[in-house]
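Undergrad: Sharing a structure with you now.
The values are calculated or read from the model by the stated rules, or taken from the named source; none is laboratory data. Bear in mind that the values here come from a model prediction, so they are computed numbers and not experimental data. As a convention, Cβ positions derive from the backbone with ideal geometry for all residues, glycine included, and neighbour counts pool all protein chains shown.
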Amino acid sequence: MLTEERFADVCAETTWHVKKFLDLIYIHSEQEVRGRQPRATLNPLTVLMAAAAWERFLNDLVGAASYQDDKWGERGASGLGRFQIPKAKTSDGKGWISRPWEPEHLSSYLRQRGVLDRDISDGWAAWLSFTWVGATPKGWSFAEYAKDPGAFCDVLKEVQKVRNGVAHLAFPQDFAAAAESSYSWTNNARSITIQSGHARGLSAAVLQLIDSSIVSVAQSHQWPAEKYRLSATWFQSTVSDSDSRYPGAEFRGGRGLDRLRG
């Protein structure tokens, strides 16, 4: 069963994986560069790592709720996730999203396994960006899942689309099918990449989804959510100098995010 100790392990592991995609943004921001340059490779990888952090978070929640004590081990959540959801796909006419990413299906799956007693999407509220200029996400709009579930499905589809596109680059035999499935990226880098502003906007959505989902799980079990959440300074327009990993970083071109729900 999911205990607070195991949940703490999951959140610690999740924080580490979130740092992976924030690291890539931080590296990309180290020096101002314009035009074609090798760092364009970091952009799709940023989204790939953000998608991995989201899926790993779900993996470890399910593992923490289902593993017997003798299988949990001293390493806690690391490597023990088992997110075994059918891979069937469904379409709403606006593109495909795999079933494990569908909020309605995901919530049912997590409730059945004792991860939480409500829909994981109940607490989803985020600032979302679907446009960008260079390295800066633009067109931010505030959305709550209860009022606009389509906005969250759209951003999850986009994260998944880019993630799939990156994966297909590693498997040439699938690239033709990937292109036919609209894994096309708009950019000015003259290479197979995406704009940095696009990557940063999508990673911001994942950052907020993970944080608000941590709160939902904690509140479901009446645990103190604040001690398990992602660092508050990562949501600020400029990361505080007190942050030893990203002092002074601007992950979204100076745009701050409300750290929603407490």
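Undergrad: Wholly within region 30-121, which helices (runs of 4 or more DSSP H) include no fewer than the required count, namely at least 2 residues that are modelled with pLDDT of 70 or more?
TA: Fully inside region 30-121 and qualifying: 42-66, 103-112.
Undergrad: Moving on to the next point. May I ask you to list the residues in region 221-243 that are closer than 19 Å to residue 14 by Cβ, of a type in the set (Gly, Ala, Ser) and surrounded by fewer than 17 Cβ atoms within 10 Å (Cβ to Cβ)?
TA: Answer for region 221-243, where residues must be closer than 19 Å to residue 14 by Cβ, of a type in the set (Gly, Ala, Ser) and surrounded by fewer than 17 Cβ atoms within 10 Å (Cβ to Cβ): just 232.
Undergrad: Would you be able to say whether some residue in region 117-126 is over 13 Å from residue 212 (Cβ atoms) and of a type in the set (Gly, Ala, Ser)?
TA: No: zero hits.
Undergrad: Continuing with the same structure: Can you pull out every residue in region 234-255 that is more than 17 Å from the chain's Cα centre (by Cα) and either touching a residue at least 12 places away in the same chain (Cβ under 8 Å) or not in a loop (DSSP other than H, G, I, E, B) (or both)?
TA: The answer is 236, 237, 238, 239, 243, 245, 246, 249, 250, 253, 254, 255.
Undergrad: Could you check region 134-153 and list, in sequence order, the residues that are touching a helix residue (DSSP H, G or I) at 6+ places or on another chain (Cβ under 6 Å) and not in a loop (DSSP other than H, G, I, E, B)?
TA: If the condition is that a residue be touching a helix residue (DSSP H, G or I) at 6+ places or on another chain (Cβ under 6 Å) and not in a loop (DSSP other than H, G, I, E, B), then 136, 137, 143 are the ones that fit.
Undergrad: What number goes with the only condition from (1) out of contact with any Lys or Arg (no Cβ under 9 Å at 6 or more places or on another chain); (2) modelled with pLDDT of 90 or more; (3) among the hydroxyl-bearing types (Ser, Thr, Tyr) that residue 131 does not pass?
TA: Among (1) out of contact with any Lys or Arg (no Cβ under 9 Å at 6 or more places or on another chain); (2) modelled with pLDDT of 90 or more; (3) among the hydroxyl-bearing types (Ser, Thr, Tyr), the lone unmet condition for residue 131 is (1).
Undergrad: Assigned to a strand (DSSP E or B), farther than 11 Å from residue 202 by Cα and touching a residue at least 24 places away in the same chain (Cβ under 8 Å): does that describe residue 126?
TA: Judged against the criteria, residue 126 is a match.
Undergrad: Search region 1-29 for residues that are over 16 Å from residue 115 (Cα atoms) and pair each with any residue that is β-branched (Val, Ile, Thr) when their beta-carbon atoms are under 7 Å apart and the residues are at least 6 apart or on different chains.
TA: Every condition considered, the pairs that remain are 18/210; 21/46; 24/46; 25/46.
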